[in-house]
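Down below is the structure, laid out as structure tokens.
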């Protein structure tokens, strides 16, 4: 399901997407379709896609400080001024984690630059699992350092949310590995929150 379009980037790994709304499609995505730690795909060509995760959200409301007089109440604006557009919207921060090319999964910094206007598609859970599975069938999270370096204050929470998602279908061995990571993150959050 298409949920957004890329509108800008902050860096090679950090992109901003605008959630599509009722001006774009008849049935826009629901809030649960683009929540925190939602994996997304940016299909670049038929056999290549870039994989990312939503790690931030920003509300856009140009009317917030518009205290000027109104000629008509909002519900009547569509009738009196059909060209009036509601410019409120939701932007999401998308951190790129890797790519899939001809079925080959590469976790890390994607080489390709994502163009403005690129579609952002919600990634189904089974595709998320495939992205995190190596050739031997074991769990892999090679983008850990990317999240720590680029997700800022959301880094630990983002990794915890990803670990929770991956635990759902993981083998016992991978669950044990994820639990070790989960405890390390809890320790990091506790110690990191302390001020000396």
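The values are calculated or read from the model by the stated rules, or taken from the named source; none is laboratory data. Predicted model, so just to flag it, every value in this text is computed and none were measured. Positions of Cβ are generated from backbone atoms using ideal geometry, with glycine treated the same way; all protein chains shown enter the neighbour counts.
Identify all residues within segment 40-57 that are in contact (Cβ under 8 Å) with a residue 12 or more places away in the chain and more than 22 Å from residue 161 (Cβ to Cβ); write none if there are none.
Of segment 40-57, the ones in contact (Cβ under 8 Å) with a residue 12 or more places away in the chain are 40-44, 47-57.
Selection gives 43, 44, 47, 48.
Just give me the residues in segment 84-142 being touching a residue at least 60 places away in the same chain (Cβ under 8 Å) and over 23 Å from residue 155 (Cβ atoms), in sequence order.
Kept after step one, since they are touching a residue at least 60 places away in the same chain (Cβ under 8 Å), are these residues of segment 84-142: 85-86, 89-96, 109-110, 112-123, 127-128, 131.
Answer for segment 84-142, where residues must be touching a residue at least 60 places away in the same chain (Cβ under 8 Å) and over 23 Å from residue 155 (Cβ atoms): 85, 86, 89, 112, 113, 115, 116, 117, 118, 119, 121, 127.
If you take the residues of segment 148-159 that are closer than 15 Å to residue 54 by Cβ and touching a residue at least 12 places away in the same chain (Cβ under 8 Å), which of them is surrounded by the fewest Cβ atoms within 10 Å (Cβ to Cβ)?
Applying the filter and picking the extreme gives 157.
Among 53, 44, which is the only one that is at pLDDT below 95, closer than 19 Å to residue 110 by Cα, touching a strand residue (DSSP E or B) at 6+ places or on another chain (Cβ under 7 Å) and surrounded by 14 or more Cβ atoms within 10 Å (Cβ to Cβ)? Full working, then the answer.
Details: 53 fails: at pLDDT below 95.
44 is the lone residue from the list that is at pLDDT below 95, closer than 19 Å to residue 110 by Cα, touching a strand residue (DSSP E or B) at 6+ places or on another chain (Cβ under 7 Å) and surrounded by 14 or more Cβ atoms within 10 Å (Cβ to Cβ).
Please determine whether any residue of segment 22-39 is more than 20 Å from residue 165 (Cα to Cα), assigned to a strand (DSSP E or B) and at pLDDT 80 or above.
Within segment 22-39, the subset more than 20 Å from residue 165 (Cα to Cα) is 22-29.
Keeping just the survivors that are assigned to a strand (DSSP E or B) gives none.
No, segment 22-39 has no match at all.
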